[in-house]
1. So which DSSP H runs in the chain come out at 27 Å plus along the axis (Cα) with average Kyte-Doolittle of at least 0.0?
2. Taking a cut-off of 17 Å between Cα atoms, list the aspartates and glutamates near K17, but don't count ones fewer than 8 places away on the same chain.
3. Is the chain rounded, prolate or oblate when judged by the Cα gyration tensor, a ≥ b ≥ c being the square roots of its eigenvalues, rounded requiring a/c under 1.5 and prolate requiring a/b larger than b/c?
Amino acid sequence: MESQEAYQRAKKRVEVKFRFYTHLTVYIAVSFLLIIINLSTSAEYLWFKWPLIGWGIGVLFHALGVFVFPKKYAFTEKMIEKEMKN
């Protein structure tokens with residue numbers, strides 16, 4: 001029983017990390033696309049930095065939540081377990 005619960009917790013952590021890596025990959029791909037569009041249409045004004053900064057802040061907070069403050073997910077799992085017992 002404990003082995004199954006440990007597996008489920010590990011699976012959840014892997015899913016959370018996978019979602020972050022997917023987010024980061026999309027951010028990088030869209031960043032390159034925006035840079036190319038900006039440089040090919042109006043190289044005199046570099047507007048691509050504004051969406052990249054805004055979205056980059058979101059990616060940063062996502063990374064902090066996944067790698068620096070992972071206790072949030074553990075807390076959520078404990079709340080779910082408590083609700084399932086009721």
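1. Once both thresholds are applied, what remains is 2-41.
2. Partners within reach: E77.
3. prolate
Quick note: the coordinates plus some simple rules give every number you see, no bench work behind them. These numbers were taken from a predicted model, which means no experiment stands behind them.
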